[in-house]
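Here is the structure we will look at.
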Amino acid sequence: MLKGFRDFILQGNVVELATAVIIGGAFTAIVTAFSDKIINPLIAAVGGAEGPALTIPLKEGVPEATLDIGAVVTAAINFLIVAAIVYFIIIVPMNKLNELRKRGAPEEEVPPTTEDLLGDIREILRNQTATAGGPAEGPASEAGPVDPNQPPRH
């Protein structure tokens with residue numbers, strides 16, 4: 001049981017996930033500062049001096065009934081920044097590393113399917129029948145050509 005757990009922990013997917021969580025947490029402060037100090041002032045510049053930028057009040061005098069589109073845009077930009085950082089700093093190098101590992105490993109041979117084997121047997125039997133002169137003439141040949149996919153008639 002412990003060997004299986006160790007194999008699970010050492011899989012590439014678990015390592016990638018753990019690394020992504022750590023890096024994502026580390027970049028949260030950077031992304032938050034970028035959003036608060038650069039993105040939010042740009043969004044506020046689009047709005048007016050009377051209130052927060054890119055908001056739509058649904059009911060006057062009720063601040064809870066306001067759609068804050070600027071916050072949604074900021075959250076989307078934060079997500080894209082974190083996703084790009086994780087992808088380019090973690091995923092791309094891991095994919096390159098896995099590709100280099102696969103280059104050194106020998107390719108696995110794919111075993112033939114049952115249909116392939118049966119087709120080979122059918123070809124061997126056809127070749128043996130053709131070299132032996134074919135079946136003797138009689139009532140079976142009068143019925144026409146024999147379909148190799150049909151069971152033999154006895």
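The values are calculated or read from the model by the stated rules, or taken from the named source; none is laboratory data. A quick note: this is a predicted structure, and the numbers were derived from the prediction, not measured. Cβ placement follows ideal geometry from the backbone for every residue including glycine, while neighbour counts extend to all protein chains displayed. Heads up: the accessible areas ignore ligands, DNA and RNA and are worked out on the full protein's heavy atoms, side chains in. Shrake-Rupley method; radii C 1.70, N 1.55, O 1.52, S 1.80 Å.
Condition first: open to solvent by 90 Å² or more (accessible area, probe 1.4 Å) and at pLDDT 85 or above. Now tell me which residues in segment 122-132 satisfy that.
The answer is Ile124, Leu125, Arg126, Asn127, Gln128.
Condition check: in a helix (DSSP H, G or I) and either open to solvent by 50 Å² or more (accessible area, probe 1.4 Å) or modelled with pLDDT of 80 or more (or both). Does Leu97 satisfy that?
So Leu97 passes the test.
With farther than 30 Å from Ile22 by Cβ, at pLDDT 80 or above and either in a helix (DSSP H, G or I) or not β-branched (Val, Ile, Thr) (or both) as the only criterion, which of Glu137, Glu50, Glu115 stands out?
None of the other options fit; the residue is Glu115.
For segment 21-38, check the following and say yes or no: at least one residue is of a type in the set (S, T, N, Q), modelled with pLDDT under 80, surrounded by 11 or more Cβ atoms within 10 Å (Cβ to Cβ) and not in a helix (DSSP H, G or I).
no
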